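One structure below.
The values are calculated or read from the model by the stated rules, or taken from the named source; none is laboratory data. Keep in mind that what you see is a predicted model, and the values were worked out from it rather than measured. Neighbour counts are summed over all protein chains in view; Cβ atoms, including those assigned to glycine, are modelled from backbone coordinates with ideal geometry.
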Amino acid sequence: MSNVDLARLQFAMTSIYHFLFVPLTIGLSFLTALLQTSWHRKGHPEDLRLTKFFGTLLVINIAVGVVTGLVQEFQFGMNWSAYSRFVGDVFGAPLAMEGLAAFFLESVFLGLWIFGWNRLSKRVHLATIWAVAVGSALSAAFIMAANSWMQRPVGYELDPTTGRAQLNDIGAVLTNTVFLWAYVHVLLASLVTASMVMLGVSAWHLRRRTSPEVFGRSARLALIVLVPSALLSLAVGSHLGVVETTYQPMKIAAAEANWNTCGPCSFSLFQIGGGKNDQTPKQIIEVPHLLSLLATGTWNGSVQGLNELQAEYEQKYGPGEYVPNVFIQYWSMRVMAYGGSLVVLFSLIGAVLLWRGRLGRTRWFLRLAVWLAPLPFILNISGWMLTENGRQPWIVQGLQLTKDGVSPSVGTATIVTSIIVFFVLYGILAIVCTILMTHYARKQLAPEPPPGAEPAREPEFIY
Amino acid sequence: MTTFWFIVIAVLWAGFMVLEGFDFGVGALHGVVGRDDAGRREVIHTIGPVWDGNEVWLITAGAAMFAAFPGWYATAFSGLYLALILALVGLILRGVAIEYRHKRDSARWRRRWSVVLTASSLVLPLMFGVALADFGYGLPIDASQEFVGSFWDLLPFYSVVTGIAFLATTLLHGAIFLGTKVDGAPHMRAARVARVLVPLVILLVITMIVWTYLAVGGGILPSIVALATIAAVLAAGWLVVRRRWGWAFVATAVTLAGMVLSIFTGMYPNVMVSSLDAANNLTIHNVSSAPYSLGVLTVVLAVLFPVVLLYQGWAYRVFRRRAGTGQSVTRP
């Protein structure tokens, strides 16, 4: 393996790991804020117990999300110093804004929320959890703006003497079409993730009849959030595909394993084989016209094939291999799309059961809800595999190749050391975090305080 | 404009050392000051609500380096690679230790996280002190601004002494912070630790400041910073003996800020010195972003930074009450 491959492996490993925690943090902070708001407005004591219960899960999850985020912030310079030099003028700005606008907000107010239960007035305390939710969503906004610039660079010029990218229009960077659609998609996916987890945990308790009246409420809230988020996430994601076809046709052509330009194009539901040396894999099922519809939004739209794009890129950028790994693209796309559809179907069944008032008694659905809770995490990772693998061989689409972005001064042994260190450390963290999460997710709710008693001095989950 | 951003980054690093400095110190001393589990919980509780916000100063300093001086960020972070891996491991473990230590009712679980918290809180100020010292003292950097040395080149004697000076000062800073926050036996132990540390810290800080002045750079501003820092550390010693904890805390805060600023004012306009050839030095001119980008950053900073200071200051006000007399640790 070359240094580039190793550096990519490390980035992929640490980023995928980090992004297991991020969507749950974003989504769960909103759901917890909604629970606390409901308690604040209507005064049901069940809502307060739920706020504290799911707040504990949020805090456990956020701890790993925050500390693994440090690695993200540092490793551009560590492994990708040539890239950092080349794009820092543009790419650094959203990162600095993220620190100032989002991280401070999230961290300071999380501390206030956890420790502020009886130091702040109820109204101010409620505001702190909303600040955490807004902070986490803002942080995603800036990092998505930075990432989208790598997918579709805008608002920059190349300095004639140094050859480096320089920002000349911050507005363009922050209104990049790719950014807007990808960001909404990430937010919706976060809500899907958190509501599936909330639903799964609630279902676990409902099956065991531990405080069914309380967990019935959280299951209801989870479903109310899940149904629209799952539907919209699918729709927005599908539109993001159309947007990306315009700017990164290679990515979408590879996701469809579409080697030769077609029109109208069929959508391949399942294939065996495929890849660089197997351009005519065995198609198991195809749906006519569907690819044209998905990629271009028209019935007979033409979609460029990988071979044509490769020829075009060689003309434009010189000889080289411009086709990303088709196998990864094809399957990450399908895992995401099929899994996403499954979530939509599942949420609609849940909505019907809720409507008929049978949610708490339909045991097969509750069992399914527990088992499906990990699914959104797989979908989130597939989405990132699709979008980042599809950008290859570019680190910044059309501007810099990944192999040119790596740190020249960092040796193979050094990168291998860091991969091993992070692998071991992240493995241990995963075990510890899972132990704590399952422990607290299965825990009984804190007992309801008798009426008229002094409210609990500190919530269960602080020191 | 580049000078302005040099100052911003210096202030962010100084803020990081002052704020995270005391929670490093508290983390390192929590086992000594809080003898039993209740005591340790009380001690950690003093930093629980604020440590995460303190750490954002570091993240923002790193991001500001990336945005305003991409070449500095690129050379420093790839050059200090192995040291940063160690720092990241420390930061990750420390964050998790603080958040997870109390989440299981098991003595063994807590003891293990306590060991992690102590070790990481000792290693981190040392590492960041060494890194800052390396910027000013010089590392083998070639003409294409790439670091060409090995891990051991990161540890010249000056940098090691500076790292130890930062470590000792954060310990004192933490002990004094506990002096203002806890009562009873833990307070007595924190006071004893502070008194023991005072002579050592005074010696180390004066050595570091004088050496910085000689090795990194002198001049009018650096000499003012140096004198102020020495005055602050002497004042801190006197105030500790007089048990004026509040003012002693201010004095160690000024000391830590002064130590950071002595390096920054000394090396200006360099941001990383090359030990191979002065022509290879990274300066605020040859690694900076273009004026448009710096302008955007300045507007963002001008709007957001005062707001950040306001709500972080408010958070400190909310949690200003002494832990022992408050209601914070009397959980069954």
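Which residues, taken from region A:143-171, are within 18 Å of A:Ala96 (Cβ to Cβ) and either within 12 Å of chain B (Cβ to nearest Cβ) or among the basic types (Lys, Arg) (or both)? Answer for region A:143-171, where residues must be within 18 Å of A:Ala96 (Cβ to Cβ) and either within 12 Å of chain B (Cβ to nearest Cβ) or among the basic types (Lys, Arg) (or both): A:Ile143, A:Ala146, A:Gly155, A:Tyr156, A:Arg164, A:Ala165, A:Gln166, A:Leu167, A:Asn168, A:Asp169, A:Ile170, A:Gly171.
Can you confirm whether B:Thr325 is modelled with pLDDT of 90 or more, on the phi < 0 side of the Ramachandran plot and more than 10 Å from chain A (Cβ to nearest Cβ)?
It is false that B:Thr325 is modelled with pLDDT of 90 or more, on the phi < 0 side of the Ramachandran plot and more than 10 Å from chain A (Cβ to nearest Cβ).
To keep it simple, each residue is scored yes or no on (1) of a type outside the set (Lys, Arg); (2) away from every other protein chain (no Cβ under 14 Å); (3) more than 18 Å from the chain's Cα centre (by Cα).
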| site | (1), (2), (3) |
| --- | --- |
| B:Thr118 | yes, yes, no |
| B:Ala131 | yes, no, no |
| B:Ser150 | yes, no, yes |
| B:Pro156 | yes, yes, yes |
| B:Ser159 | yes, yes, no |
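No other residue among B:Thr283, B:Thr298 is more than 14 Å from chain A (Cβ to nearest Cβ) and of a type outside the set (Asp, Glu) apart from B:Thr283. Here the condition is being in contact with a Leu (Cβ under 7 Å, 6 or more places away or on another chain), crowded, with 24+ Cβ neighbours inside 10 Å and at the interface with another protein chain (Cβ under 10 Å from one of its Cβ atoms); of B:Phe24, B:Phe66, it holds for B:Phe66 alone. Could you please let me know if A:Ser418 is of a type in the set (Gly, Ala, Ser), surrounded by 19 or more Cβ atoms within 10 Å (Cβ to Cβ), within 13 Å of chain B (Cβ to nearest Cβ) and assigned to a loop (DSSP other than H, G, I, E, B)? It is false that A:Ser418 is of a type in the set (Gly, Ala, Ser), surrounded by 19 or more Cβ atoms within 10 Å (Cβ to Cβ), within 13 Å of chain B (Cβ to nearest Cβ) and assigned to a loop (DSSP other than H, G, I, E, B). Taking region B:8-108 and the helices (runs of 4 or more DSSP H) fully enclosed by it, the elements with 3 or more residues that are charged (D, E, K, R) are at B:37-47.
The residue of region B:83-104 that is surrounded by the most Cβ atoms within 10 Å (Cβ to Cβ), among those that are more than 7 Å from chain A (Cβ to nearest Cβ), touching a residue at least 40 places away in the same chain (Cβ under 8 Å) and closer than 30 Å to B:Phe147 by Cβ, is B:Arg94.
Annotation note: of A:Thr210, A:Thr245, A:Thr161, the sole residue that is of a type outside the set (D, E, K, R), part of a loop (DSSP other than H, G, I, E, B) and free of Cβ contacts under 8 Å to residues at least 60 places away in the same chain is A:Thr161. Report, by residue number, each residue of region A:356-392 that is crowded, with 17+ Cβ neighbours inside 10 Å and part of a loop (DSSP other than H, G, I, E, B). Result: A:Thr362, A:Ala373, A:Gly390, A:Arg391, A:Gln392.
A count restricted to region A:101-128 and to residues that are closer than 21 Å to B:Leu12 by Cα, surrounded by fewer than 23 Cβ atoms within 10 Å (Cβ to Cβ) and either facing chain B (nearest Cβ under 7 Å) or among the aromatic types (Phe, Trp, Tyr) (or both) stands at 1.
Please state which one of A:Ala131, A:Ala140 is out of contact with any Cys (no Cβ under 8 Å at 6 or more places or on another chain), surrounded by fewer than 23 Cβ atoms within 10 Å (Cβ to Cβ), touching a residue at least 12 places away in the same chain (Cβ under 8 Å) and away from every other protein chain (no Cβ under 11 Å). Sole residue among the options that is out of contact with any Cys (no Cβ under 8 Å at 6 or more places or on another chain), surrounded by fewer than 23 Cβ atoms within 10 Å (Cβ to Cβ), touching a residue at least 12 places away in the same chain (Cβ under 8 Å) and away from every other protein chain (no Cβ under 11 Å): A:Ala140. Determine whether A:Ser266 is of a type outside the set (Val, Ile, Thr), modelled with pLDDT under 85 and closer than 30 Å to A:Arg442 by Cβ. So A:Ser266 does not fit the description; no.
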